[in-house]
Each structure stands twice: as C-alpha cells, then as structure tokens.
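Notes follow once the structure below has been shown.
The values are calculated or read from the model by the stated rules, or taken from the named source; none is laboratory data. All figures in this text were calculated on a predicted structure; none of them were measured in a lab. Note: ideal-geometry Cβ built from the backbone for every residue, glycine included; neighbour counts use all protein chains shown. Just the protein is used for accessible areas: all its heavy atoms, side chains included, with ligands, DNA and RNA removed. Shrake-Rupley method; radii C 1.70, N 1.55, O 1.52, S 1.80 Å.
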Amino acid sequence: MSGPASSPVLELRDVTRVHGEGEAAVQALRGVSFAAYAGELVAVMGPSGSGKSTLLTLAGGLDTPTSGVVSVEGVDLAGAGAVGRARMRRTSLGYVFQDFNLIPALTAAENVALPLELDGRSGREARALAREALAEVGITELADRFPDHMSGGQQQRVAIARAVVGERRLVLADEPTGALDTETGEDVLRLLRARCDAGAAGVMVTHEARHAAWADRVVFLRDGVVVDETGADHVESLADATAQR
Amino acid sequence: MTVKNALLALLEQGPMYGYQLRTEFERRTGATWPLNVGQVYTTLTRLERDGLVAEDGADTEGHVVYRVTDAGRDEVAAWFTTPVARTQPPRDELAIKLALAVTVPGVDVGSVIQQQRSATMAALQDYTRLKRRGPDPASTQEPHDLAWSLVLDSLVFAAEAEVRWLDHCETRLRRAQLERPAPSPAASPATASEETVR
C-alpha cells in the first residue's frame, strides 16, 4: 500500500471538453481539476448536463479532452494514443455501467475473463483470475451461467468482477445501482466500497444522495464546473454513540 | 409526549429505576436523542402524579424502582395504536430560511442551497458510515440492533429527502430565472448601478 502522500491513481488537470463547434459548441467540462487516490471512493453528483458522464468517459479513456490532461497511474491518456488507451482499459481501469453491458453469448466467467484474454493472457490464467474475481463478489456458483439466466443484481456483480479482475487500480462506475432495487443496490455499493478499501481508487457517478453517501468524498458538478466537495465528519455525537456500543 | 410514552413502554417490560430507563432508551435509539437522568426523573414524577406509574420499592443498592400501573398500560396501548399527528408540521428552519432567501433581495439563493446540500450530504455520509460499521441488517437477530439500525435508516431517508428537495429547489429557481424577462444587455449595467446607488 502506498502512503498518504502518494500520487493519485486518476488525475484530471484543468480539463475542458467542448462538444460541437462555433455557435453550437457546448462546454461539457470547463477547467475541471479532480483526483482520486488509492483506497478512496469518490462520488460525483450533479443534474443531467452537469458534465458528470463526460468526466467519467474522459477518465476511462473513451474520449479525450479538448484541453487539459487526464492521467491514470501517471500516464497521460491522450499521449498514450488510441491503442495505448485501449490497453489501459483492459489492464489498469475497469468500467461498471448502469445496464451491466455483459455479453449475452458468454458465461459469467467468460465475460470476466474476456478483457484478460484480449490482453493476451492465456485462457487458463484468465479463467483462474476470473474465478477469483467472481469469488470476490460472492457468486462463484454462477460462473457458468449466462447473463439471461441471472437477476439484475447478479449481473451487476459479474460486471463488477469484470471491472476489477487482474491488477486494476481504478474502477469507474456510471450509475451502478440505477437499475437495481434498494437492497441489491446496497450490496453493489458494499462491493465497490470493499474494492476501494482494499486499495483501488473508485469514481462513481450517481444522482442518488443515499448512494453517494457510501463514498469518502462527494464532488458536486454544475454546468461543467466543480462547485463543491464534501467529505467531513460532522455528526460526531452519533459516531461516539456507536463507538461506545 | 415522546419521552413520557417511551418510558411507559419501557416500564411495561418490567420495573426499572431512572438510570436503567435512560440506558434502555439510548440503547434502542442509538443515543440519537440523548436523555439526561434529570429529565427521566422529572418525567417519572409527572407520570406518578398522573397515576400512570407507581413506586415499587427500592433495589438492594437503594435505587427507587418504578412500575407501570393499569392506567399506564392503557396509555401505552393507545400510543401504539394512534398515528403520530402530521397535520401540524413542526417548524422547519431550512424551509423557512429558503422561503426568506428567495424573497429577501440580495441573498445568493444558489449558494444557500449548495452550502446546505454539502452539509446534509456530509451528515448522510456519516450516517452511512455508521450503517456500514454496524451489523449486517440482513443477519441482525438482536432486537436492539434492529431498533437502532431502523432509527439510523430514518435519519438516512430524511437526509436523502432533504437533498432531493434542495435539488428540486435549485431546478425550480433556475427555471424561474430563465422565464423571467431578461433586461436588455445595454440596460442591465445601468440598472445594476442604479440599484447600487440606492
């Protein structure tokens, strides 16, 4: 584990992203600086159009900024080129989507192993790591099942396993609980939380305050700008009460 | 009132002295609303005066023990079968503050909303941290743990509702600003300076 003074796993420095040109240009992000460190889960909140999805897309290397720098583990994503970014998506960072995005023709284990196999790992090694990841999210017994035969909560667990498989240190989640009921959603948050507690950096976009509250820090975006950030410990009396129990 | 009914309900489970009552109350509500022992004894005195509890001697250490009377039992039953009145909402400082912020000139309502949202969000994070630290709700068999975790959920839901309401206020405010006829660009600096002079 790295110390508190370590460099961030994800860093956005003065990032601007403009969609379109001329009169029709829309500034999705305007000079945003943001960092996520190993061991923390950061929630990004904001109304639609605030730029939160753009932020996640840039962090995941699915898009590049108009200006500014996005780096993952010290590597400038724009400088890495399309091939380099694709490689990082297979090895350094994982993405969890609202609608799971599993491949229906592959079993749970095959879905999880896929990024590793695409990265050139042997089938045997990839499958072993996939089983480990499925065990981490508590669904070893579903390894050979197809997505269509799983509940939403189970599919999202597979998606999380796929996002964390191997040595990835950055997990990006876009409304990961959006399609799930309250209890199942909390299970998913528990897993993301556990992965971050184990040393990964997590960034989760959500519009649900109750889910954002699972994060160590909450960043508020408005019109492409970070307007506020919270992470302080205010309700001390309650914390004390629990400590005494 | 709440403390009175809560103490009566506790005494229905068996005679207790003041400090025990306080401990039991806080055990079940997670010390979210701390009670001081003085308040417990004042309430017991009033309950005794009203015939709802009676002294039941003293224990070996000399603590005066109270028991519930039949009238007290009826009172507890009535409490549990009557809904808490919601027709007269208690004064809500935040709602009052926003109502005034949108009507008093010169208040930056957007920042009032954002500051509150951050504060409420921070409280929500703290509640969630306590929830995470506590026993898994799915496997909780202990009634006291369940009671405390439900109290915590009530705080979580209330904070969540407040954040949603603040989001709603912000959206309504923005819409109102957009719909308001904007002064022409040439006229606005003049209007601004005029207001400053006044």
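What is the distance in Å between the Cα centroid of region B:29-73 and that of region A:169-185? Comparing the Cα centres of region B:29-73 and region A:169-185, I get a distance of 48 Å.
Rounded, prolate or oblate, given the Cα gyration tensor of region A:46-189, with a/c below 1.5 counting as rounded?
Because a/c hits 1.5 or more and a/b fails to exceed b/c, region A:46-189 counts as oblate.
Rounded if a/c is under 1.5, else prolate if a/b is larger than b/c, else oblate: which is region B:2-81, with a ≥ b ≥ c the root eigenvalues of its Cα gyration tensor? Oblate is the answer for region B:2-81, as a/c is 1.5 or above yet b/c matches or exceeds a/b.
Select from A:Leu58, A:Leu118, A:Leu172 the residue whose mean-square fluctuation is largest in a Gaussian network model of chain A (Cα-Cα springs shorter than 10 Å). In this elastic network of chain A, the residue with the biggest mean-square fluctuation among A:Leu58, A:Leu118, A:Leu172 is A:Leu118. Look at the alpha carbon pairs under 8 Å that are at least 6 residues apart: their mean separation over the length of region B:93-183 gives a relative contact order of 31 percent. Overall shape: oblate for the protein assembly as shown, with the ratio a/c of the largest to smallest alpha carbon gyration tensor axis at 1.5 or above and b/c at least equal to a/b. For A:Val96, the residues whose modelled amide H falls within less than 5 Å of its own, excluding neighbours fewer than 5 places apart on the same chain, are A:Leu172, A:Ala173, A:Asp174. Shown for region B:93-183: the carbon plus sulfur share of the solvent-accessible area, taken with all protein chains present and a 1.4 angstrom probe, equals 58%. Counting only DSSP beta bridges whose two residues both lie in chain A, roughly 55 percent are antiparallel. Contact order, relative form, for chain A: 28 percent (alpha carbon pairs under 8 Å, 6 or more residues apart, mean separation divided by residue count). What angle do you read, to the nearest 10 degrees and between 0 and 90, between the alpha-carbon axis of helix B:70-81 and the longest principal axis of chain B? Helix B:70-81 sits roughly 30 degrees off the main axis of chain B. The residues of the protein assembly as shown expose on average 52 square angstrom of accessible surface per residue, using a 1.4 Å probe on protein heavy atoms. Among A:Thr206, A:Thr177, A:Thr57, the largest mean-square fluctuation in a Gaussian network model of chain A, built with springs joining Cα atoms closer than 10 Å, belongs to A:Thr57. Taking chain A as a Gaussian network of alpha-carbon nodes connected by springs under 10 Å, the highest mean-square fluctuation of the residues A:Ala130, A:Ala43, A:Ala209 belongs to A:Ala209.
Just the protein heavy atoms count here, and of the accessible area of region A:76-209 at 1.4 Å, carbon and sulfur take up 48 percent.
Computed from the C-beta positions of A:Phe146 and A:Thr182 and an R0 of 25 Å, the FRET efficiency is 0.40 to the nearest 0.05. FRET efficiency for the pair A:Val18 and B:Arg27, taken as 1/(1 + (r/R0)^6) with r the Cβ-Cβ distance and R0 = 45 Å, rounds to 0.20.
So which residues of region A:206-226 lose at least 50 Å² of accessible area, probe 1.4 Å, when you go from the chain by itself to every protein chain present? When all protein chains are present, A:Ala209, A:Arg210, A:Ala213, A:Trp214, A:Phe220, A:Arg222 each give up 50 Å² or more of accessible surface. Within the protein assembly as shown, DSSP assigns beta bridges of which about 60% are antiparallel (rounded to the nearest 5). Between the listed residues A:Ala159, A:Val75, A:Val96, the Cα displaced farthest toward the positive end of the dipole of chain A, a dipole computed from Cβ unit charges relative to the Cα centre, is found at A:Val75.
Amide H contacts for B:Val65 (H built 1.01 Å from N in the peptide plane; partners 5 or more residues away or on another chain; cut-off under 5 Å): B:Asp56, B:Gly57, B:Ala58, B:Asp59. In the protein assembly as shown, the DSSP-assigned H stretches of four residues or longer account for a calculated mean residue ellipticity at 222 nm of -16000 deg cm²/dmol, using -39500 (n - 2.57) per stretch and the full residue count as denominator.
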